[in-house]
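A quick write-up on the structure given underneath.
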Amino acid sequence: MPVNASIEYYKAEEKFLEAKTREDKIACLEEMIRLLPKHKSSENSLANLKKKLAKLKNEKPPKRGSKPKFSIKKEGAAQVCIIGLPNSGKTTLLNELTGINAEVADYPYTTTVPQFGMMKHEDVWVQIIEIPSTFEPEVMSLIYTCDLLLMLLDSNRNLETQKKELQNMLSRRELHKKILYVTTKIKVDTEKLKKDIWGNLGLLRVYTKTPGKKAEAKPIILKNGSIVKDVVKEVHKAFLKHFRYAKVWGKSVKFSGAQVGLEHVLMDRDVVEIKS
Ligand SMILES: Nc1nc2c(ncn2[C@@H]2O[C@H](COP(=O)(O)OP(=O)(O)OP(=O)(O)O)[C@@H](O)[C@H]2O)c(=O)[nH]1
Ligand SMILES: [Mg+2]
């Protein structure tokens, strides 16, 4: 944020934030550079604006019909997309959640290509993707296949307006996804957020076990509401025919090692031993 900038400067910035085409963005940036107070404390802002301008000017105007599609291979238990207005703290949060080191800067449209990394929560990995705030169709297409949206709301701006704008943008594209709202630029408890992300994915972990041995360390990931039958199918479909009963340890049973049938509903972190 430049020091002592004029109202005109902020108006130009606002226009820049709303600019849709490369040409408009270039024009707005040039205007912002012109209007920026030229003193020592705004040197950084000036350098950032110039960098951004150079980047835009170097970009070839996109050819019609030849836009690259982004496709990111799904990895881990689920895929979560981060969306928010430009400069709302998306990359900062992505870096915090996944430990990657994607570029963060105090100007909008720093991220123009989806950035992604893996978040570890307890013993599961979840893929997190930053959707660039250009909202071009080829980046928005990533949202169709993701499992959850993290919608970032910048606490320095009006929360309701941002929410509306983002929600409208999604519904215009017929993107109806489960949304977890996160307010940024205030202290965010990352561990709690990781827990909330996992909780909102609607998944559960089940550890299989063979008699006399410890449960497997790596969980099988299933949808909430899954039953013993789903675990058996996951382990080996052929076991279904020979299934007799299962022993379960964990939250879904009243006592450890309770005997249950194929229709028994499991809960997160249950241990299951299949008897056939
Ligand atoms: N004080 C503070 N600043 C933050 C926080 N999160 C982000 N910022 C700052 O906000 C600016 C933008 O952060 P980014 O993470 O690059 O935001 P972004 O949404 O990825 O931005 P674009 O990719 O350009 O759309 C940077 O100067 C960050 O340092 C936060 O929690 N607290
Ligand atoms: Mg970014």
Long-range amide H partners of residue 245 with built H, under 5 Å
275
The chain -> Rg/Rh from Cα coords, Kirkwood Rh, value 1.11
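Find how much the distance from residue 265 to residue 221 grows on full extension, using 0.36 nm per residue of separation minus their present alpha carbon separation; answer in nm with one decimal.
Extending this stretch completely gives an extra 14.4 nm.
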Comparing 201, 148, 49 in a Gaussian network model of the chain (Cα, 10 Å), the one with the largest mean-square fluctuation is 49
Sorted by chain and number, the residues with a modelled amide H under 5 Å from that of residue 215, at a separation of 5 or more or across chains, are none
Cα gyration tensor category, rounded, prolate or oblate, for the stretch 78-201 with a/c compared to 1.5
rounded
So what are the ³J(HN,Hα) numbers for the stretch 237-251, from phi and the Karplus equation (6.51, -1.76, 1.60; θ = phi - 60°), rounded to whole Hz, Gly and Pro as x?
3, 4, 5, 4, 5, 9, 5, 10, 7, 10, 9, 10, 10, x, 5
GNM flexibility winner over the chain from 252, 141, 133 (Cα, springs under 10 Å)
252
Tally Lys/Arg at +1 and Asp/Glu at -1 over every other residue whose Cβ is under 11 Å from the Cβ of residue 276; what's the total?
+2
Within the set of other residues whose C-beta is less than 13 Å from the C-beta of residue 188, count the net charge using Lys and Arg as +1 and Asp and Glu as -1.
+1
Taking loop as defined by DSSP and a crowding limit of 16 other beta carbons within 10 Å, which GluC sites (Glu not before Pro) in the stretch 15-59 fit?
59
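Computing the accessible area with a 1.4 Å probe over protein heavy atoms, can you report the carbon and sulfur percentage for the chain?
52
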In whole Hz, the Karplus estimates of ³J(HN,Hα) for the stretch 185-192 (6.51, -1.76, 1.60; θ = phi - 60°; x where Gly or Pro) are 6, 10, 4, 10, 7, 4, 5, 5
Between 154, 24, 106, where does the largest GNM mean-square fluctuation fall for the chain, given springs only between Cα atoms within less than 10 Å?
24
Using every alpha carbon pair in the stretch 7-58, what percent of pairs falls into each 5 Å bin from 0 up to the bin containing the largest distance?
4, 23, 31, 27, 11, 3, 0
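The values are calculated or read from the model by the stated rules, or taken from the named source; none is laboratory data. None of these values were measured; they are calculated from a predicted model. So basically every Cβ, Gly included, is an ideal-geometry build from the backbone, and we count neighbours across all protein chains shown. Keep in mind that these areas ignore ligands, DNA and RNA; they rest on the heavy atoms of the full protein, side chains included. Shrake-Rupley method; radii C 1.70, N 1.55, O 1.52, S 1.80 Å.
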